[in-house]
Structures are given as structure tokens and as C-alpha cells.
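Notes follow the structure.
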Amino acid sequence: MANEIWTIKRCLEWTKEYLAERGEEHPRLSAEWLLCAATGLARIDLYMRMDETLNAAQLETMHAAVVRRAKGEPLQYITGSTQFRMIDVACAPGVLIPRPETEMLVEEVLNYLDAKVLSPEAAARQRVELPWNDEVEEARKAEAALADERATAERRAANLTAADEAALGGDVLGSRAYAEELADREAEEAAAQAAEAEAAEAEAMETPEPELDEYGIAIEGAGQETASAQDAAAPAPAEPRIARVLEVGCGTGCISLSLAWERRGHVTCTATDIEPRAIDLATKNRDALGLTADEVAFSLTNLVSSIPREEWGTFDVLVSNPPYIPTGVMRSLPHEVKDFEPDLALEGGADGLDIFRRLLNAAPYMLRAGGLFACELYEGALDAAAELCRQAGLSDVRIVHDLTDRPRIVRAIVTEPKQRI
């Protein structure tokens, strides 16, 4: 075996068959993930370089990874990372792996901030209505069509089925398409803003028509007086609003980091966790993105215990993906979840709402009037959670369904903040 030649193709096929024999539900996808991590190649590149030979270090890495996967360890722990919305986050044992459903929780928060807190300029997805928007839209559609063709070619090359893609939960293809869509929209907005700035500059450079007296002679100083009067009458521009978000139970930091990344300069986050490994990993992910502690601050504490009194009532959002699996359901979780991911980040008590109740109690003290309280929860607990929100006096209580149409998120508005004496 040591003297045999292991090409990418042979290693891919061998790994697929090995994992299939050990009950892997999607062996080809797992084999691709592991090979990508071992070689540093993108998935599509594997199929363009099938005849390349793996070196000794790559073979050793692949062998160790296959052994771990055969035992049921999650791919994200083995490869050390996953994609979440527009960012890559490092993953490690002891810290909950980000899920696609949590991407929707981020989306709910962004929708609220865009509509209720931030200026229109801060909302990256805000469409600017300009005469050439139709041309931009056509160009965007053409780019989207090309992206679809690339995705189709990739699926054919990888021999993927729709079920295979769904099994990834958007971690690879879905999140990538989402990121490309946002990038297209941001490019559109940047072009529109640049055009607006150019038009404003051209207008400022135009020389105004002089004011004439009864003989048709220009009156000196009249233009300056008019301009001065207009300047004096114009109100000073308002300072841009910086949204403040409090996240409880940050794990990898994926929620706070996505919010700060996608609305950089307009959102700051304070995030807490009781697990030291989570705080260390979240800090690592923040540093990798080039974000600062002023933009996202992580704190090792129990729920909101470390939040200074002077900051109570100043947050626009309290968001959390707390432990929410009911105790009775924990036993039926898949092997790779219950035996590898931390119980501390999963189990939520008899009805899955133990931590949620404590967060609900804290929300009126942490949030300003009109602030958003949003939590991802177990699908069977959403109705009870919504009723608890109503009983607590919160308004505009809504249940949001995930991509599989299961109830997944409860969101509500704090109308009457509280103060502790």
C-alpha cells in the first residue's frame, strides 16, 4: 500500500465506498469535504485534477480524517471550519456547530435593523431607484444565469442529487449562492452611489447665473449672500445611527460576526457565553475577519451577568440561539450530534424553554423601547414561547418558519422597558 499511487480520483472513490459501508448517509459528499480539506482544493477543482497524485502529508491527513468520520464525528470538526452566510467560521469540539436555520435568525435581525434602526444608506440590500437600474438588473440576471450554469456543471461533475445538496443544509452550495447574491447587490448599490456622487460633484461645480440689476449689470456679492443664506438655513446632518446588539450564547460567534460584517460601521455587538472554549473560538473567528473588539466584544459570563448597569436599556436587539432541545428528545438525536456536540449548548430542559425563560425575563431590562427580542427554538416549543412573550407584555409577537417550513424562531418587541431598583 505504501508504494501504491493514490490519485485524487482513486482516493475519492475509495473513501466514498469505505464510508458507505459504515453507514454514511452521503458518502460522496463527505469524501469531497475531507479531500478538499486535505488538499486545499475547491470541490469543483477535485474533478478537474482527478489524475493528480496526493503527497505523503495529504495522504496522512486524509487517513486520519476518514477514521474520524467513520466513527461519526461531524465533518465541521474534522475539517475545522464551515461557511455561514457570507463568512467562514472556524469550528472545534466543545463548541456548537452553526446551522443553516441560524442564518435565518441573522436575517430576521437584519430585517428589523434595516427597517427600524439604521438609515437607508446603511442597509446593504436597499435598492437605489435610478434611471439605469434596468440595465443593472439585466446585467445581474445575466451573471445569475452564468452562476446557475456553473452550479449545474458542478453538480453533474460531482454526480450530486437534489437530496445530496439538501443534506448539506446550505453550508456549501446554498451559502455560497447567498453570498454571491449579496455581492451582486452590493456591487449594484456601489455603482449607484458612485453615480450619485459624480452627479452631485458636477452640480456643485456649475457656476450659478448672476443676479442682474435693472440695467442688466451683474450685482456683485449677490450670489455669495444667497449661498450664505441657504447654508445657514440648511440643517446640520444627523449623526449616523449605530445599532447595538446583545447576543447571549455566542458559540463560534457566527451571529454577531455576521451582523457586524454585513453592516460594518453601522452595527456593534456584545456577545456572551459561559463556555471558555466558545469565547476563545469566537475571538479567533473575529480576528480572522479583521473585526475589532469595538465592533464585536466577547465576554465569558452567565447569560447577561457581565453587562454593566449603565448599558442596560441601551440595546436595540437581544438575539440568541440558546440550548433548546427538550431533555426527552436528547436521546433521539443523531449519533454525530448527541455523542460529539456539547450537551451544554443543546439541552434546554423538560420543554426546551429553560434558558429562553431567563432570556425573556432579561429582555425588558436590556432593550430600549421598541427593541427586538429574537430566539431560535425547538420546533415543538414555538407556540408556548410565543404565549410566554405575550404574557410578559411584549408586542408584535411572531413565529418564523425555517426553510423546511418548520416553526423555528420567535420574535417580539419590547414596548415597555424595565429598570431594576
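The values are calculated or read from the model by the stated rules, or taken from the named source; none is laboratory data. Just so we're clear, the structure is a prediction, and the values are computed from it rather than from any experiment. Don't worry about glycine lacking a Cβ; one is built from the backbone with ideal geometry, like all the others, and counts go over all protein chains shown. Just so you know, the surface numbers come from the protein's heavy atoms only, side chains and all, with ligands and any DNA or RNA stripped out. Shrake-Rupley method; radii C 1.70, N 1.55, O 1.52, S 1.80 Å.
Structure values in brief
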| read-out | value |
| --- | --- |
| Residue tally, condition at pLDDT below 50 and assigned to a helix (DSSP H, G or I), over the stretch 94-133 | 1 |
| Leading residue by the ranking (farthest from Leu259 (Cα to Cα)) among those in the stretch 366-390 that are part of a helix (DSSP H, G or I) and either open to solvent by less than 40 Å² (accessible area, probe 1.4 Å) or among the β-branched types (Val, Ile, Thr) (or both) | Ala381 |
| In the stretch 100-116, the residues that are under 10 Å from Cys254 (Cα atoms) and either open to solvent by 10 Å² or more (accessible area, probe 1.4 Å) or in contact with a strand residue (DSSP E or B) (Cβ under 7 Å, 6 or more places away or on another chain) (or both) | Thr102, Glu103 |
| Within the stretch 45-84, considering residues that are within 30 Å of Lys338 (Cβ to Cβ) and part of a strand (DSSP E or B), the one nearest to the chain's Cα centre (by Cα) | Phe84 |
| Candidates Gly352, Gly393, filtered to the one that is part of a loop (DSSP other than H, G, I, E, B) and crowded, with 18+ Cβ neighbours inside 10 Å | Gly352 |
| Residues satisfying the stated conditions in the stretch 278-305, i.e. open to solvent by 20 Å² or more (accessible area, probe 1.4 Å) and assigned to a strand (DSSP E or B) | Ala297, Phe298, Ser299, Leu300 |
| Near pairs, Cβ below 9 angstrom, 6+ apart or cross-chain, from the stretch 15-43 (within 13 Å of Leu75 (Cα to Cα) and open to solvent by 50 Å² or more (accessible area, probe 1.4 Å)) to any residue that is modelled with pLDDT under 90 and assigned to a helix (DSSP H, G or I) | Glu25/Ala167 |
| Residue check, Ser332 without any contact (Cβ under 8 Å) to a residue 40 or more places away in the chain and under 22 Å from Leu118 (Cα atoms) | no |
| Qualifying residue in the stretch 338-346 (condition: open to solvent by 10 Å² or more (accessible area, probe 1.4 Å) and without any contact (Cβ under 8 Å) to a residue 24 or more places away in the chain) | yes |
| Unique match (being assigned to a loop (DSSP other than H, G, I, E, B), of a type in the set (A, V, I, L, M) and either within 18 Å of the chain's Cα centre (by Cα) or more than 22 Å from Glu416 (Cβ to Cβ) (or both)) among Leu344, Leu333 | Leu333 |
| Cβ-Cβ under 6 Å pairs, at least 6 apart or on other chains, the stretch 100-114 side farther than 12 Å from His401 by Cα, far side modelled with pLDDT under 95 and surrounded by fewer than 22 Cβ atoms within 10 Å (Cβ to Cβ) | Pro100/Gly169; Pro100/Gly170; Asp114/Ala123 |
| Pair list, Cβ under 6 Å, 6 or more apart: the stretch 306-324 residue buried (at least 17 other Cβ atoms within 10 Å of the Cβ), other residue of a type in the set (S, T, N, Q) | Asn321/Thr102 |
| Some residue of the stretch 413-420 being more than 21 Å from the chain's Cα centre (by Cα) and without any contact (Cβ under 8 Å) to a residue 40 or more places away in the chain | no |
